[in-house]
Amino acid sequence: MLNLVGLGLRPEHLTEEARKVLSLSDKIYLDTYTNIVPEEWIASWESMVGKSFLRADRSTLEDGMKAIISEAKVSNVSVAVVGDPLTATTHISLYTEALKEGIDVRYVPGLSIHTVAMSLSGFEHYRFGRTVTVPYLWRQSPSFYERIASNRSLGLHTLLLLDLHPEPLTIRTALEALLYWEKELKRGVIDLSELVVGIARACWDDCFRFVGTVEELMEISFPPPPHVLIIPGDLHPIEEETLYVLRRHSHGKCKGTG
Ligand SMILES: C[S@@+](CC[C@H](N)C(=O)[O-])C[C@H]1O[C@@H](n2cnc3c(N)ncnc32)[C@H](O)[C@@H]1O
């Protein structure tokens, strides 16, 4: 049996279903590759579940996928993922490969940055286009910039996830990357006076959200990654009002998400 278990974005998000499934597992891999996982959170989950977690990096998850699948044929194996377990390609491959091998796979959903970032931005979820990842080597190709341009041509907002490897990108670097490609390609995606939303450490104790111009966000000192950035498309009047209120009355800490 293979369980793909979402942990949510902080220890308090662990659902009763996730806790039960993990506590009945023979082995629990914790994905430490697709998100940043504080050590103290690992200790909390281990104590809630009563089992220890084996840290799984990229090589365990991708190159070692066959080994995990073989174990799941003869025992009850869980792969625990911060957020939701089926938002990253790595885990979807694990899911489909296991199903192809005739293994029972259980999916336990978890609260995801995809939902939380959209909610914290104040924009309506159904007015977002394709989510885009800013790659670490952002100078090599403008494809992330072009995807934002195509969302914007449809009037849609863009959620930007920022690459974590070899080092986590920051909101500031992502904005530099966008301004660089804007200067090169001039698709009207961004300018210094554009209002955008930056969120650092959503649901962490020091969660920080800032609604402001690109210029302002580049000056702000956000807590360390993980970071996301939201680039608006066309604004509905309700979204304009929300953005205005968040900008005027709710800078900084975004408590209440834990
Ligand atoms: C591959 S995604 C992981 C998605 C995760 N499985 C989920 O469902 O939440 C990792 C990226 O999401 C963003 N991210 C994840 N957690 C975050 C958080 N708590 N606050 C801000 N950004 C976050 C960062 O841009 C990070 O590089």
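The values are calculated or read from the model by the stated rules, or taken from the named source; none is laboratory data. Remember, it's a predicted structure, so these values are computed and weren't measured experimentally. Note that each Cβ is placed from the backbone with ideal geometry, even for glycine, and that neighbours are counted across all protein chains shown. Please note that ligands, DNA and RNA were not included when accessible areas were found on the heavy atoms of the full protein model with its side chains. Shrake-Rupley method; radii C 1.70, N 1.55, O 1.52, S 1.80 Å.
Observations on the structure shown:
- Segments classed as strands (runs of 3 or more DSSP E), wholly inside the range 1-66, with at least 1 members that are assigned by TED's automatic domain parsing to the domain that holds Ala80 and aromatic (Phe, Trp, Tyr): 27-31
- Selection count where residues are open to solvent by 60 Å² or more (accessible area, probe 1.4 Å) and either charged (D, E, K, R) or under 26 Å from the mean Cα position of the chain (by Cα) (or both), scope the range 60-76: 4
- Filtered residues of the range 1-39 (kept if open to solvent by 50 Å² or more (accessible area, probe 1.4 Å) and more than 15 Å from the ligand (Cβ to nearest atom)): Met1, Glu16, Glu17, Arg19, Lys20, Leu24, Asp26, Lys27, Glu39
- Residues of the range 177-189 satisfying the condition of being touching a residue at least 12 places away in the same chain (Cβ under 8 Å) and surrounded by fewer than 14 Cβ atoms within 10 Å (Cβ to Cβ): Glu184, Leu185, Gly188
- If the condition is being over 20 Å from Arg55 (Cα atoms) and either within 16 Å of the ligand (Cβ to nearest atom) or under 22 Å from the mean Cα position of the chain (by Cα) (or both), then the range 98-108 contributes only Arg106.
- The residue that is surrounded by the fewest Cβ atoms within 10 Å (Cβ to Cβ), counting only those in the range 127-137 that are under 18 Å from the mean Cα position of the chain (by Cα) and part of a loop (DSSP other than H, G, I, E, B), is Arg130.
- Each residue in the range 98-113 was checked for being part of a helix (DSSP H, G or I) and either buried (at least 17 other Cβ atoms within 10 Å of the Cβ) or in the same structural domain as Thr133 (by TED's automatic domain parsing) (or both), and 2 of them qualify.
- Filtering the range 125-174 to residues that are of a type in the set (S, T, N, Q) and more than 17 Å from Ile113 (Cα to Cα) leaves Gln140, Ser141, Ser143, Ser150, Asn151, Ser153, Thr173.
- For the residues Arg55, Arg130, the requirement of being within 16 Å of Leu30 (Cα to Cα), basic (Lys, Arg) and touching a strand residue (DSSP E or B) at 6+ places or on another chain (Cβ under 9 Å) singles out Arg55.
- Considering residues of the range 40-54 that are of a type outside the set (Phe, Trp, Tyr) and within 16 Å of the ligand (Cβ to nearest atom) only, the residue most open to solvent (accessible area, probe 1.4 Å): Glu40
- Consider the range 82-97 and keep the residues that are over 9 Å from the mean Cα position of the chain (by Cα) and among the polar types (S, T, N, Q). The one that is farthest from the ligand (Cβ to nearest atom) is Thr96.
- Filtered residue count, the range 190-208, keeping only those that are surrounded by fewer than 22 Cβ atoms within 10 Å (Cβ to Cβ), farther than 19 Å from Pro11 by Cβ and of a type outside the set (Gly, Ala, Ser): 6
- Pro166 buried (at least 16 other Cβ atoms within 10 Å of the Cβ) and modelled with pLDDT of 95 or more: no
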